[in-house]
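The values are calculated or read from the model by the stated rules, or taken from the named source; none is laboratory data. Please read all numbers here as calculations on a predicted model, not as lab measurements. No Cβ is skipped: glycine too gets one built from the backbone with ideal geometry, and neighbour counts run over all protein chains shown. With ligands, DNA and RNA removed, areas are computed over all heavy atoms of the protein, side chains included. Shrake-Rupley method; radii C 1.70, N 1.55, O 1.52, S 1.80 Å.
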Amino acid sequence: MHQLSIHSIQPSGRQLFHLVCDTPDEVRDSFTKPGQFLEVALDDPAEKKGFFAIASRPGAERMEFLVKAAGQPAEAICSRKPGETLYSSLAKGNGFPESGSERPTHLFSMGSGLAPCRSVILAHLAGTHPAPGGLTLWQASFTREHLPFADEYEDWRKAGVKVELCLDEGEGRTGSVVERLEELGPDLREARAFWIGSKEFGRTVQETATGLGLLPDRLHSNY
């Protein structure tokens, strides 16, 4: 495994932590597509590994992650301090399909699933994996306090990314992703979509989005 050094770690939504790591060149260079992930462990050799989607864009100086403090080794990782060490694999997974499509791209994420979608957004804004058809993020969270990376949404909007918050409860409730899709009724006949979340979340997104015209073969996850 490869050694990572924690650059910073701070809360980003309830029970979620934004982890930033300095990584060796071979790990950074192995990350080529948004949606890929690392296996991360506390020690080498590792008794337990966590699978964490990369939240930064390919080519960035540091690798970023959104870690939910639930189970091991995630809870222990979230208690680590800057300067401490973690261990990882090279980047794994197929990631999302290549950007560059002229089709409008819709990103559907739930909770910590925003991590790989953030990678798509940052790569688009940096011009390294552009989505010239435009990006719309549909971010599902329980309440506003659960939203990860909340301080970045306004900057994304100013840069042209449409951000739709789908809040189940609490102040500013907007409704679930399904409720927001049904309310706004976007025409998805020419679109493509990426999703990340639970299987139930993926099923409901697929049912609703295809009802709005999305072709099933244009709905992708990052597996």
message: Scan the range 73-87 and tell me whether some residue there is hydroxyl-bearing (Ser, Thr, Tyr), surrounded by fewer than 21 Cβ atoms within 10 Å (Cβ to Cβ) and under 17 Å from GLN3 (Cα atoms).
response: yes
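Conditions tested, residue by residue: (1) closer than 20 Å to PRO104 by Cβ; (2) open to solvent by 20 Å² or more (accessible area, probe 1.4 Å); (3) touching a strand residue (DSSP E or B) at 6+ places or on another chain (Cβ under 6 Å).
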residue: ASP168; (1), (2), (3): no, yes, no
residue: GLY172; (1), (2), (3): no, yes, no
residue: ALA193; (1), (2), (3): yes, no, yes
residue: ILE196; (1), (2), (3): yes, yes, yes
residue: GLU207; (1), (2), (3): yes, yes, no
residue: TYR223; (1), (2), (3): no, yes, no
- request: Return the residue satisfying two criteria in turn: it lies in the range 1-27 and is open to solvent by 20 Å² or more (accessible area, probe 1.4 Å) and touching a His at 6+ places or on another chain (Cβ under 6 Å), and of such residues it is farthest from SER141 (Cα to Cα).
  value: PRO24
query: Which condition number does ALA74 fail, the rest of (1) free of Cβ contacts under 8 Å to residues at least 60 places away in the same chain; (2) of a type in the set (Gly, Ala, Ser); (3) closer than 18 Å to ALA193 by Cβ being met?
result: (3)
query: Quick check, is SER119 part of a helix (DSSP H, G or I), in contact with a Leu (Cβ under 6 Å, 6 or more places away or on another chain) and of a type in the set (Gly, Ala, Ser)?
result: no
field: Options ASP29, ASP43: the member that is modelled with pLDDT of 95 or more and either in a strand (DSSP E or B) or not small (Gly, Ala, Ser) (or both)
entry: ASP29
task: Mind listing whichever residues of the range 117-142 are in contact (Cβ under 8 Å) with a residue 60 or more places away in the chain, more than 22 Å from GLU207 (Cβ to Cβ) and not hydrophobic (A, V, I, L, M, F, W, C)?
output: ARG118, SER119, THR128, HIS129
